Amino acid sequence: MNYRPLGNTGMMVSEVGFGAEHLEGMDFDRVDAIVNGCLDRGINMMDCFMAEPNVRSNIGKALGSRRQKMHIQGHIGSIWEGGQYHRSRDAEKSRIAFEDILKRMNTDYMDVGMIHYVDTPEDYERLLKSGLLEYAQKLKKDGTIRAIGVSSHDPATALKLIKSGIIEVLMFSINPAYDLMDETTTVGELISGEKGLGDANGIHSARQELYKACESLGVGITVMKPYGAGKLLNAELSPFKTAMTTSQCIHYCLTRPAVASVLCGYRSVEDIIGSVAYEEADANERDYSPFLSATKRFSMEGNCMYCNHCLPCPSLIDIASVNKFLDLALAAEGSIPQSVKEHYLGLSAHGSDCIGCKSCEGNCPFGVPVTERMAKAAEIFGK
């Protein structure tokens, strides 16, 4: 495993990292196998945005005496309330949730205190008034966190925070489907697919400016969504209509300025092995140039990233899981695997429980028509 400096924080992190969201809902034995499978292969950077109590406890138990070998991003503003994840700007609720992650992981510090999910100018203004920045600064002063970070999907909002001088680490969504387009393409056109990809230098100007600003200011980037929730690895689901490999996706991210670690999601030890294989991949296996020169029109609109930022749901639907099983069913083209159907029916709430309030659609950073997809899931699975 190769290691990179995480900006100016003084931390050295594995270039192949660990986004732990898939651990939610797993039993301890599986969590233990994956967490220690990462450590055994040199992965020492992990993000835990999840507020669900059991997954935090399982991760803490799995880390055990190896806690200091893993750099952890713990989120400020991700809370568990009413049996669901919420994004909160309430300073007191956020404090309680952050102290909970410390307790459940049996540690007295987080390596990065990650201010959770700041994506719009309105989010930015609410954050400034919320007291969360001041709370994060106090945590750092007290030694409870080693660095202050922020997670975002929007380059303009992220750049504002980076230029504030407060943020030391940025967790940002990076992959070719988000980045590669004509220089004049707007974020709206990216989502709608109104323009196709540009040439090999066609990175969106706002994103390029963000990456360069991070590099010049010493802000380290940790990458989320490197595989586009697995869609870039599947020719049928990829906006390119051609599957990328894990090594191509990882290498693309690692060639962006300021990127320190690519946080891949793992459901098994085999998934870890597949991502870590990047370290042994040759130049041809890492080559992503065919995708930079693509000219096909593409769209990420309606593509669920399974991040559950759409929550809370008044019907207590695990929207990410419903969307995941719906995508698997649609990819099966009429012959739904029995295991997919069983997993869907085993959920505590289903697409048919959706009341059509669309609060989720306002929260979604990827423009997913959630209500429509809940109805589709109810139609396909019969519930």
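The values are calculated or read from the model by the stated rules, or taken from the named source; none is laboratory data. Everything numeric here is computed off the predicted structure, so don't read it as measured data. Neighbour counts are summed over all protein chains in view; Cβ atoms, including those assigned to glycine, are modelled from backbone coordinates with ideal geometry. Ligands, DNA and RNA are excluded from the accessible area calculation, which covers all protein heavy atoms including side chains. Shrake-Rupley method; radii C 1.70, N 1.55, O 1.52, S 1.80 Å.
Here are a few things to note about the model shown:
- Here the label points at A332 and A243, each 7 Å from Cα along the C-beta direction, are separated by 1.8 nm in the simple model.
- If the chain linking A283 and E342 were pulled fully straight, counting 0.36 nm for each residue of separation and taking away their Cα-Cα distance, it would gain 17.1 nm.
- The largest accessible area among D179, D119, D271, D142 belongs to the first residue in D142, D271, D119, D179, and the rest follow in falling order (1.4 Å probe, all chains).
- At a probe radius of 1.4 angstrom, the accessible area of the chain per residue rounds to 41 square angstrom.
- Length gained when the stretch E99-K69 is fully extended (0.36 nm per residue, less Cα-Cα span): 8.7 nm
- Simple spin-label estimate for S359 and M12 in nanometres, 7 Å along Cα-Cβ: 4.7
- E215/K138 FRET efficiency (R0 30 Å; Cβ-Cβ; nearest 0.05): 0.60
- S268-S164 FRET efficiency (beta carbon distance; Förster radius 35 Å; 0.05 resolution): 0.30
- Förster radius 22 Å - calculated FRET efficiency between N106 and M26 (Cβ-Cβ, nearest 0.05): 0.70
- Extension gain from K61 to T255, taking 0.36 nm per residue of separation minus the Cα-Cα distance: 66.4 nm
- The chain - percent of accessible surface contributed by carbon and sulfur, probe 1.4 Å: 49
- Summed over qualifying helices (DSSP H, 4 residues or more, each -39500 (n - 2.57)) and divided by its residue number, the chain shows a 222 nm mean residue ellipticity of -11500 deg cm²/dmol.
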